[in-house]
Amino acid sequence: MPPFDSPAGRSREPWAPTGSALVPAAHDSAIARSHERCAALGVDARAVPDLSPVPQTRLREMRERNQRLWRHAVPVMEMLFEQIVFTRSLVVLTDSQGTILHSLGDDGFMEKAQQIALAPGVNWSEATKGTNAIGTALFDETPTLVHGSEHFVRANHFLTCSACPIFDHAGQVMGVLDVTGDQRSYHPHTLALVSLSAQMIENHWFSDRFRQGLRLHFHPRPEMLGTVREGLLAVSPDGAVLGANRTALQELGLSAAALRVQGLQAVLGVTVGEVIDHCRRHGDEPLKVASQCPGRPERALYLRAFFNWPTLWPSAPTAAMPPPALVERPATPATAAPAAATLQAVELETIRRAVAAAGGNVSKAARQLGIGRNTLYRKLRKAGTSPA
């Protein structure tokens, strides 16, 4: 087989500009490195790849282990397929090792896909299938396109594949979302669609994983809050960062481990106590903060908070309060915002404010907080505070 970088080693790619014989340098380099890895692994480019899936019992175990990923991915996969329904393609979800968990797509192509093992239970790592979008995306941990003769194994040259890794709250790869079809069905927007869909899965997974507690949603542009492009942070009552989505890590320029070490105040210059206080005081205007990340210029970010602590709202453990919004803090406040070092302190302060806002009407305050009247009394008595 001719070397990949030689003119005979690959066909002219459809995304290259008219009159150009080369793809963008970064893509070209990534494919060349993958070919080198496959050669070093001993993958035979001329051989028929292993088409056998794992046993059904093992596949069931893998699906059970990835149940949360599966649950959030399948609806997004169905929406993605609606966007590519006429392209004779297949939408594929794999686990973190490249084994297919679920696939759906065009019936005609599905029949052909079965012949090349694009079916649940088959592994598509580089070690088993050579250069391909799934395996190469897993290795590089980045959205990846592999088209036609860029596949290391000749049997796969008729394919075009666009894949994107799916990350969890700790920045670890959970799996890969992929669209694979006949190379004649290639469309330049497919990889962007796949990447956007992968971020949707990540955000749904993140919100479900941290449905109890405090989530901060942020973006440099306030109008982008509430979209798939917003950054997400999960924060503990004492201000520790419990997790972050892909956008948050990219926006802050930090790893998930670095965020956990630094904490909320060090990264965004705001405390949990201030967040809770503003949630109770203000309406729908976002809070403007500044990223405080070392080695990067300070950048304005707009922030909203969503919180649902079951110790405060035990009667509705999965129904978050109406989305509170925050406003910009004065640069030099006259008085410092009350500190809330523990969840109990936050609860007590919230209850006191609710009682005050209700004019001392304990029943009304309890209804607004979603807790029982007796529970409110008990928490106040425990703190040595009169409800009056």
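Listed values for segment 132-147 are Karplus-derived 3J(HN,Hα) couplings in whole Hz (6.51 cos²θ - 1.76 cosθ + 1.60, θ = phi - 60°), namely 7, 4, 5, x, 6, 5, 5, 5, 7, 6, 8, x, 9, 10, 10, 10, and x replaces Gly and Pro.
When each of the peptides 211-221, 52-62 is scored by the mean number of other C-beta atoms lying within 10 Å of its residues, the order from highest to lowest reads 211-221, 52-62. The charge dipole of segment 83-230, taken about the Cα centre with unit charges on the Cβ atoms of Lys, Arg (+1) and Asp, Glu (-1), comes to about 120 debye, rounded to the nearest 20.
Computed packing ranks the peptides 138-144, 179-185, 261-267 as 179-185, 138-144, 261-267, most packed first, by mean other Cβ atoms within 10 Å. Summarising the amide proton neighbourhood of G175: residues at separation of 5 or more, or on other chains, whose placed amide H is nearer than 5 Å comprise I166.
Please give the peptides 245-251, 89-95, 64-70 ranked by average Cβ packing (other Cβ atoms within 10 Å per residue), highest first, as a rough proxy for protection.
In descending order of packing, they fall as 89-95, 245-251, 64-70.
Between the amide H of G130 and any residue lying 5 or more places away or on another chain, no distance stays under 5 Å, with hydrogens modeled in the peptide plane. Distances between placed amide hydrogens fall under 5 Å for L159 paired with G148, Q183, all partners being 5 or more residues away or on another chain.
Each value in this text was obtained by applying a stated rule to the coordinates, not by laboratory testing. Note that this is a predicted model, so its numbers are computed, not measured. Positions of Cβ are generated from backbone atoms using ideal geometry, with glycine treated the same way; all protein chains shown enter the neighbour counts.
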